[in-house]
Structures are given as structure tokens and as C-alpha cells.
Amino acid sequence: MENRLDGNAAGGILHEVFPFDMTATQATCAGCGATGPIGALAAYIHGMGTVVRCPSCDTALIRLAHVKGQYWMDMRGARVLQISGGR
Ligand SMILES: [Zn+2]
């Protein structure tokens, strides 16, 4: 079973990997080129891990699983990430 949530629901596990809030990061979909904050994408969270999908074309931008002390991250569906920070 998986429930469709918004991308903010993926913020917790993303924050385990990245040292900042990823929900405000702008992600560009490799499928359709749409750009938006990760918090506004669709998130599916289930026993195998978390999948963040484009709400327009359903491409999986981020797949993230935590298995036996290892994070497995597949980001082939995210063409570009724009991460605010620095100067
Ligand atoms: Zn898309």
C-alpha cells in the first residue's frame, strides 16, 4: 500500500541525508521539464522507501530507501536541483 502525500512528507527522510531542509529546493523534472519546490511534488511513502514524483507527468524525481544502515538514492528523474545557500 502507498499513499500519495505532498513532498513535505518526504522532508524528514531527505533531512536524514541532506543537512538542510530539502522541501524548499527547486527540482526540475527530467521527464517534462517542470520546475518546482520538492515540497510541492507528490510523495509516496511505503515500506520500501520514499518516492517523490512529478505531479504533472508522474516521473520519479527521487527514490530514497534506508536499508541496513545504508541510504540508497536514485535521482535520475531530477535534471537539476537549485539549492539555496551560501552567498
Ligand atoms: Zn514531470
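Observations
- The amide H of Ala78, built 1.01 Å from its N in the peptide plane, has Ala30 as neighbours under 5 Å, considering only residues 5 or more places off or on other chains.
- Accessible solvent surface per residue of the chain, calculated while the other protein chains remain in place, 1.4 angstrom probe, Å²: 61
- Extending 7 Å from Cα along the Cβ direction at Arg4 and again at Thr35 yields two label points whose distance is 2.5 nm.
- Protein accessible area in the chain, 1.4 Å probe - carbon and sulfur %: 52
- A full extension of the chain between Ser84 and Trp72 corresponds to an added length of 1.9 nm, given 0.36 nm per residue minus the alpha carbon distance.
- Once backbone amide H atoms are built at 1.01 Å from N, Cys57 has no partners under 5 Å, excluding neighbours fewer than 5 places away on the same chain.
- Karplus-derived 3J(HN,Hα), 6.51/-1.76/1.60, for each residue of the range 18-25, Hz, glycine and proline x: 9, x, 8, 6, 7, 5, 8, 5
- Sequentially through the range 52-69, phi angles give Karplus couplings (6.51, -1.76, 1.60; θ = phi - 60°) of 9, 10, 5, x, 8, 10, 6, 4, 7, 6, 9, 10, 9, 10, 10, 10, 6, x Hz, Gly and Pro residues having no value and appearing as x.
The values are calculated or read from the model by the stated rules, or taken from the named source; none is laboratory data. Note that this is a predicted model, so its numbers are computed, not measured. For neighbour counting, all protein chains shown are included, and Cβ atoms are generated from backbone atoms with ideal geometry for every residue, glycine included. These area figures cover heavy atoms from the full protein model, side chains too; ligands, DNA and RNA do not enter into them. Shrake-Rupley method; radii C 1.70, N 1.55, O 1.52, S 1.80 Å.
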